[in-house]
Amino acid sequence: MAYDPFKSDSSDMTLSAPPSASDYLQDSIFRFFALFCALSIILLVAYIIIELGSQAWPAVQQHGIGFITGTTWDVNQSEFGVLPEIWGTLYSSLLALLIGGILGVAIAIFLTQDFMPAKLSVSFRTIIELLAAIPSVVYGLWGIYVLIPLLRPGANWLHEHLGWFPFFGTELSGPGLAPAALVLAIMILPTVAAISADAFRRIPYKIKEAAFGMGATKWEVILKVMLPTASSGILAGLVLGFGRALGETMALAMLIGNMNNISISLFAPANTLASLLASTFPEASQIEIEALMYAALVLLLITFLVNIGGLMIQQMTMRKFEGKS
Amino acid sequence: MKLFTNKAKSLLLAGTLMGAMTSLTAQADMKLIGSGASFPAPIYSKWFKDFSKEHDGVRVDYQSKGSGGGISDFINETVDFAASDAAMKDEEIAKVNKGTILLPMTAGEVVLTFNLDGVTSLNLPRDVYPEIFMGKITQWNDPKIQAANPNVTLPEKRITVVVRADSSGTSYVFTNHLSAISDAFKETVGTAKSPNWPNAGTFVKAPKNDGIAATVKQTPGAIGYVEYGFAKLTKLPTAKLENQKGNFIEAGSESGAQALASTPFPTTNLPNSDVPDLRGWVTDPSSEEAYPIASFTWLLVYKDMDDEKAKVMRDLIEYMVTTGQKSADSLGYIPLPENVIEKVRNAAKMIQ
């Protein structure tokens with residue numbers, strides 16, 4: 001049917017018309033719904049903090065700041081301290097961020113900067129994102145049965161020959177910081193890679209073209225133009241990945257050795273807050289549950305600070321590289 | 001009209017469904033709910049399933065959540081019965097309003113599994129294995145270990161000690177024995193569900209029996225403790241331990257039964273009640289052929305129950321100590337000695 005401007009009816013949407021009453025209604029319903037969703041998230045977080053805080057309160061009152069500086073966790077003496085766990089949480093997550101971050105960004109560059117045919121890069125990307133779908137307990141088992149035996153000869157060689165170097169100060173017997181951090185790195189890899197790749201893709205093609213036009217080589221374009229331009233997106237990916245590493249539970253409970261050690265050595269057994277919670281919670285007595293709630297509160301606080309810190313760095317880089325404020 | 005018939009149909013359907021449901025609930029109107037120790041969970045779930053099959057209208061559900069969880073469920077009266085490997089403390093019993101009866105139901109052993117290339121049989125003397133778990137003996141070729149194993153060349157390898165990360169009845173039984181045979185162990189580590197293990201770099205913690213088993217299996221030079229039934233099921237190598245009489249004994253139903261037979265039971269009643277105290281610990285059995293680390297696991301039942309429930313509970317316990325005991329051996333548990341069964345029967349009569 002040919003278009004006839006003189007016979008158009010109300011259902012003809014090709015002509016612009018002022019919004020009808022129902023349009024207004026739809027609009028306001030949607031706005032209300034979106035506002036409700038956003039508020040409910042804030043309320044949920046607040047509720048979690050209040051609930052956790054109230055359950056942890058007796059322990060907070062009793063142990064105070066000594067809880068954070070203490071190094072023993074002895075249920076039988078009701079002596080609780082989580083400094084080794086805080087140390088282990090931060091140490092393992094930072095190591096994972098270092099390894100997984102570098103690898104993830106490298107993969108994102110590899111996928112988006114025409115190193116491989118577009119079709120192949122799509123399937124490659126899917127495979128990397130599939131890593132995120134593997135359950136954490138499977139990673140734990142893989143760590144025990146594959147990764148640790150793989151690492152052991154190298155680690156023990158390093159300890160024998162470079163044992164004076166604090167990072168290699170102990171032998172790797174089995175579970176320890178190194179296998180845990182490596183598994184964490186693999187676990188955060190898909191997050192970092194996917195978000196960084198999106199950040200690279202978001203850069204208008206003209207920016208790249210202009211740089212090539214100025215006579216820059218491919219690597220100069222990637223390192224000096226693309227990377228700084230995408231930096232805020234990459235940072236967001238790193239912060240998310242770090243958050244995941246901080247809270248990861250099951251794989252770490254299986255791999256890190258769960259000992260209250262503070263050691264700089266990569267091969268020593270350690271413990272994290274999340275794995276302490278996972279392994280002791282099911283059988284904990286009332287006093288221990290309160291202490292565990294306090295530990296959970298500390299973990300929440302760490303995650304909170306990391307996210308705020310990440311946000312601030314992101315703002316700074318955006319101002320520096322993208323001229324936004 | 002069509003709408004109406006559809007509605008009528010679905011109403012009819014709902015009616016029949018509800019009818020079917022009520023008849024189902026009428027059939028299975030007796031339900032016993034229990035929770036607790038994970039160690040006896042495999043044999044308990046077999047017993048409860050078989051018992052439900054034989055008794056129409058009775059269902060017994062058991063949730064394996066650990067001894068500590070079982071005890072607190074029992075105190076809070078959210079279950080009809082509970083189970084614990086560490087029995088119950090006096091102050092815990094005092095918190096139960098409906099009265100407590102503790103019944104040993106089956107028993108198990110704790111074994112030491114190890115990972116040493118080329119070594120299949122290992123003797124561990126009485127003065128050695130507590131010191132390993134105190135972090136004092138740290139090398140496999142320690143003269144004390146070598147002396148007990150003249151035909152084995154032990155490697156010059158560091159001992160990695162694998163202990164439980166979670167609070168566990170198995171840890172309690174194990175440390176209870178070690179504390180009984182070594183004063184130094186009692187002072188430094190002590191008896192507990194989550195003992196205060198030394199914080200040496202050679203110790204690692206793994207969750208649950210399977211966590212310990214997997215870690216020991218994958219770590220050359222490691223030693224760890226697990227339930228005998230679990231080790232038997234997964235075919236782990238286990239060490240022979242020296243008992244009080246100086247013999248090196250392998251874990252098994254025979255040597256376990258020997259250990260149980262010599263268990264001293266208190267002659268008194270449970271605090272503030274007329275129920276016999278059946279909390280017998282065999283921390284260091286004295287028989288010639290007894291395996292040193294064996295322990296009962298207890299069923300916790302209320303003294304006052306509904307009349308109907310009490311009857312089913314008594315039937316269930318009778319079933320567990322008679323037909324049930326026959327399946328113990330094949331599942332890696334030790335059948336109760338005859339004298340203990342008699343004690344359990346007498347105590348079970350007090351469930352009213």
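The values are calculated or read from the model by the stated rules, or taken from the named source; none is laboratory data. Remember, it's a predicted structure, so these values are computed and weren't measured experimentally. A quick note on method: Cβ atoms are made from the backbone with ideal geometry, for glycine too, and the neighbour counts reach across all protein chains shown. Side chains included, ligands, DNA and RNA excluded: accessible areas come from the protein's heavy atoms. Shrake-Rupley method; radii C 1.70, N 1.55, O 1.52, S 1.80 Å.
Annotations for the structure displayed:
- Restricting attention to region A:242-260, the residues that are over 23 Å from B:LYS217 (Cβ atoms) and either within 7 Å of chain B (Cβ to nearest Cβ) or touching a Lys or Arg at 6+ places or on another chain (Cβ under 8 Å) (or both) total 1.
- One residue from B:PRO195, B:PRO237, B:PRO264, B:PRO220 being free of Cβ contacts under 8 Å to residues at least 60 places away in the same chain and open to solvent by 50 Å² or more (accessible area, probe 1.4 Å): B:PRO264
- A single entry from A:GLY104, A:GLY88, A:GLY70 fulfils the requirement of being of a type in the set (Gly, Ala, Ser), touching a residue at least 24 places away in the same chain (Cβ under 8 Å) and either touching an Asp or Glu at 6+ places or on another chain (Cβ under 7 Å) or within 14 Å of another protein chain (Cβ to nearest Cβ) (or both): A:GLY88.
- Every condition in (1) surrounded by 21 or more Cβ atoms within 10 Å (Cβ to Cβ); (2) among the acidic types (Asp, Glu); (3) away from chain A (no Cβ under 14 Å) holds for B:ASP29 except the one numbered (1).
- Within region A:149-182, if we keep just the residues that are buried (at least 24 other Cβ atoms within 10 Å of the Cβ) and in contact with a Leu (Cβ under 8 Å, 6 or more places away or on another chain), the residue that is modelled with the lowest pLDDT turns out to be A:LEU172.
- Each residue in region B:173-201 was checked for being away from chain A (no Cβ under 11 Å) and under 19 Å from B:THR263 (Cα atoms), and 8 of them qualify.
Listed here are the residues, each with its yes/no results for (1) exposed (fewer than 11 other Cβ atoms within 10 Å of the Cβ); (2) modelled with pLDDT under 95.
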{"site": "A:SER16", "(1), (2)": "yes, yes"}
{"site": "A:ASP23", "(1), (2)": "no, yes"}
{"site": "A:PHE33", "(1), (2)": "yes, no"}
{"site": "A:CYS37", "(1), (2)": "yes, no"}
{"site": "A:GLN62", "(1), (2)": "no, yes"}
{"site": "A:GLY66", "(1), (2)": "no, yes"}
{"site": "A:ASN76", "(1), (2)": "no, yes"}
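- Taken over region B:149-190, the residue count meeting the criterion of being within 15 Å of B:GLU131 (Cα to Cα) and either of a type outside the set (D, E, K, R) or free of Cβ contacts under 8 Å to residues at least 60 places away in the same chain (or both) is 22.
- Single residue of region B:287-306 satisfying the filter (surrounded by fewer than 24 Cβ atoms within 10 Å (Cβ to Cβ) and not assigned by TED's automatic domain parsing to the domain that holds B:VAL60) that is nearest to B:LEU241 (Cα to Cα): B:GLU289
- Residue tally, condition open to solvent by less than 30 Å² (accessible area, probe 1.4 Å) and either among the polar types (S, T, N, Q) or touching a Cys at 6+ places or on another chain (Cβ under 7 Å) (or both), over region A:107-130: 3
- Meets criteria (within 27 Å of the chain's Cα centre (by Cα), at the interface with chain A (Cβ under 10 Å from one of its Cβ atoms) and on the phi > 0 side of the Ramachandran plot) for B:LYS217: no
- Residues being closer than 21 Å to B:LEU278 by Cβ, of a type in the set (D, E, K, R), in contact with a strand residue (DSSP E or B) (Cβ under 8 Å, 6 or more places away or on another chain) and within 14 Å of chain A (Cβ to nearest Cβ) - total across region B:44-100: 2
Every residue, every condition in (1) in contact with a strand residue (DSSP E or B) (Cβ under 8 Å, 6 or more places away or on another chain); (2) over 20 Å from B:ILE159 (Cα atoms), yes or no:
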site: B:PHE185; (1), (2): no, no
site: B:LEU241; (1), (2): yes, no
site: B:ILE249; (1), (2): yes, yes
site: B:THR263; (1), (2): yes, yes
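- Going through (1) at pLDDT 90 or above; (2) open to solvent by 30 Å² or more (accessible area, probe 1.4 Å); (3) away from chain B (no Cβ under 14 Å) one by one, A:LEU83 falls short only on (3).
Residue by residue, here is whether (1) outside any helix (DSSP H, G or I); (2) more than 14 Å from the chain's Cα centre (by Cα); (3) without any contact (Cβ under 8 Å) to a residue 24 or more places away in the chain holds:
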position	(1), (2), (3)
A:ILE188	no, no, no
A:PHE200	no, yes, no
A:ALA216	yes, yes, yes
A:LEU238	no, no, no
A:GLY241	no, no, no
A:LEU252	no, yes, no
A:ASN261	yes, yes, no
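- None of B:LYS95, B:LYS136 is assigned by TED's automatic domain parsing to the domain that holds B:ALA41 and either of a type in the set (Asp, Glu) or open to solvent by 20 Å² or more (accessible area, probe 1.4 Å) (or both) except B:LYS95.
- Scanning region A:271-292 for residues that are crowded, with 23+ Cβ neighbours inside 10 Å and over 25 Å from B:ALA200 (Cβ atoms) yields a count of 0.
- Scanning region B:125-168 for residues being in contact with a strand residue (DSSP E or B) (Cβ under 9 Å, 6 or more places away or on another chain) and not in a loop (DSSP other than H, G, I, E, B) gives a total of 11.
- Pick from region B:43-76, criterion outside any helix (DSSP H, G or I) and charged (D, E, K, R), ranking: nearest to the chain's Cα centre (by Cα): B:LYS65
- Residues within region A:218-230 that are assigned to a helix (DSSP H, G or I) and either open to solvent by less than 10 Å² (accessible area, probe 1.4 Å) or touching a helix residue (DSSP H, G or I) at 6+ places or on another chain (Cβ under 7 Å) (or both), tallied: 6
- Test for A:THR191: is it open to solvent by 10 Å² or more (accessible area, probe 1.4 Å), in contact with a Lys or Arg (Cβ under 7 Å, 6 or more places away or on another chain) and within 30 Å of B:ALA206 (Cα to Cα): yes
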